Structures are given as structure tokens and as C-alpha cells.
Amino acid sequence: DAKTTQPPSMDCAEGRAANLPCNHSTISGNEYVYWYRQIHSQGPQYIIHGLKNNETNEMASLIITEDRKSSTLILPHATLRDTAVYYCIGQNFVFGPGTRLSVLP
Amino acid sequence: NAGVTQTPKFRVLKTGQSMTLLCAQDMNHEYMYWYRQDPGMGLRLIHYSVGEGTTAKGEVPDGYNVSRLKKQNFLLGLESAAPSQTSVYFCASSYLKGTYNEQFFGPGTRLTVL
């Protein structure tokens with residue numbers, strides 16, 4: 001099962017790309033990486049997931065390294081509403097403290 | 001389609017009291033989960049269920065019991081509440097397709113034990 005490591009906090013200017021890294025060096029070969037975010041005290045919201053290839057949806061892009069030991073979530077044009085705690089998790093449903101992203105005007 | 005709902009939204013208990021938190025989902029998901037989240041922390045898995053009538057322990061199961069009598073409901077019980085159980089409780093559900101398992105979360109129950 002993957003143990004994930006994320007920086008505790010990041011700032012990003014409004015309108016710029018936010019790049020959130022995650023280290024998951026213990027991930028197994030068929031284990032998906034999921035990204036969620038939590039705004040204020042609401043329930044976590046699914047953003048995107050990936051296995052080996054890079055993924056993109058209407059919310060974000062996910063870049064996974066070829067060795068699958070790390071990934072980066074990209075919010076291409078961050079808005080103030082993207083201020084939240086972002087979690088990178090594996091299949092074991094262990095949510096670490098995540099990265100608190102602050103989008104600044 | 002309500003998704004995942006939780007009852008109640010808020011509750012205050014005295015030490016030693018008991019209560020049950022209800023989670024309901026209308027997405028026909030097989031898997032359901034209970035997490036707790038303490039201030040400034042990530043979510044910690046308490047118990048989960050992979051189907052009706054089955055439950056399993058998560059990371060922090062002590063002091064809690066669960067039941068999954070119906071597929072759409074997952075109950076979390078506190079038999080004798082303690083102040084250390086003051087937390088926000090989140091329920092989630094998911095379906096498993098191969099190794100893909102996206103979780104859908106409820107809005108949370110804020111519990112205070114005095």
C-alpha cells in the first residue's frame with residue numbers, strides 16, 4: 001500500500017497554474033493514485049485519478065512520473081475558490097495531512 | 001439523486017452517553033466507509049464495509065461499532081462516548097471496478113463530547 005508525502009502548504013497567485021507534488025514511492029504496480037480536495041470543513045471532493053499515464057479532466061491535470069514514485073496535480077488557472085486542502089492517496093484510503101493551497105488575489 | 005447523506009449534522013454528548021450516526025447512499029455502491037477528522041489532521045479510517053452484512057476495522061476502530069444491515073445504510077455507534085471522540089465524522093461510499101475505487105463523501109457530522 002502506498003504511503004504518500006505532500007508539502008504542508010503552498011501559495012499560488014490567482015490565474016496562475018498551481019502545481020501540487022506528491023511522493024508515493026511505495027505504490028504498487030496496479031494501485032491507482034487519487035487526488036481529492038477539501039474546502040473548509042466540507043466532505044472531500046474527488047478531483048482526478050491516474051495509474052500510469054497522464055490524465056486531464058475539466059478540473060485538473062495529473063502528471064505521473066514514469067517510475068510512478070511521484071505525481072503532480074496541476075490546476076491550470078487557479079481561482080480563489082481553489083483554496084483548499086489537497087490530498088493525494090493510494091488504494092489504502094489513508095489520508096495524510098495533505099497540502100493546504102492558498103490562492104492569493 | 002442525493003448521493004451520500006449523514007444524520008445528524010451536529011450533536012453534543014456528555015461523557016458516557018451513546019449515540020448512532022447514520023450514513024445513507026442512493027448510488028447502489030457496495031463499499032461504505034466511516035472516517036474521523038480531528039482539527040488540522042487528515043481523515044482517519046474507522047471502519048469500512050465491502051458489502052451488506054460485512055464490516056471490517058480500519059486504522060482507528062477502538063470505541064466504535066458499525067453495522068451494515070442494508071446495502072444503502074452504514075451505521076456508526078459510540079457505546080460510551082469519550083471527549084477524545086470529539087471530531088468531525090465523514091461517511092463515504094464507492095464502487096469497485098478492477099482496482100479503481102473512487103469515493104463519494106457525505107457532508108460530515110460534527111460531534112462534541114463534553
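What follows draws every value from the coordinates through simple rules; no lab data is involved. Here the structure is a predicted model, which means the values were calculated and not measured. Positions of Cβ are backbone-derived with ideal geometry, glycine not excepted, and every protein chain shown enters the neighbour counts.
Quick notes on this structure:
- Each part gets one Cα centre, and for the range A:20-97 versus the range B:44-114 those centres are 23 Å apart.
- The lysines within cross-link reach of B:LYS14, meaning a Cα-to-Cα straight distance under 29 Å and a gap of 8 or more places when in the same chain, are B:LYS57.
- The length gained by stretching the chain between B:ALA82 and B:TYR100 to full extension, at 0.36 nm per residue less their Cα-Cα distance, is 2.9 nm.
- Cβ-based exposure ranking for A:ILE63, A:ILE39, in which fewest neighbours within 10 Å come first: A:ILE39, A:ILE63
- The modelled label-to-label distance between B:ASN65 and B:MET41, using points 7 Å beyond Cα along the C-beta direction, is 2.4 nm.
- Surrounding net charge for A:LEU104, when Lys and Arg each add one and Asp and Glu each subtract one, Cβ distance under 9 Å: -2
- Candidate aspartates and glutamates for bridging to A:LYS52, where Cα separation is under 18 Å - those fewer than 8 sequence places away on the same chain excluded: A:ASP1, A:GLU31, A:GLU66, A:ASP67, B:GLU102
- Each of B:ASN1 and A:GLU66 was given a label point 7 Å from its Cα along the Cα-to-Cβ line. The distance between the two points is 3.9 nm.
- Neighbourhood charge, 13 Å Cβ-Cβ cut-off, centred on A:ILE39 and excluding it, Lys, Arg +1 and Asp, Glu -1: +2
- Neighbours of B:SER49, meaning other residues whose beta-carbon lies under 14 angstrom from its beta-carbon, give a summed charge of +2 when Lys and Arg score +1 and Asp and Glu score -1.
- Look at B:HIS47, A:HIS77 and count the other Cβ atoms within 10 Å of each Cβ; fewest to most, that gives A:HIS77, B:HIS47.
- Cys with no candidate disulfide partner in the protein assembly as shown (beta-carbon separation under 4.7 Å rule): A:CYS12
- Arranged from fewest to most other beta-carbon atoms within 10 Å of their beta carbon, A:CYS12, A:CYS88, B:CYS91 become A:CYS12, A:CYS88, B:CYS91.
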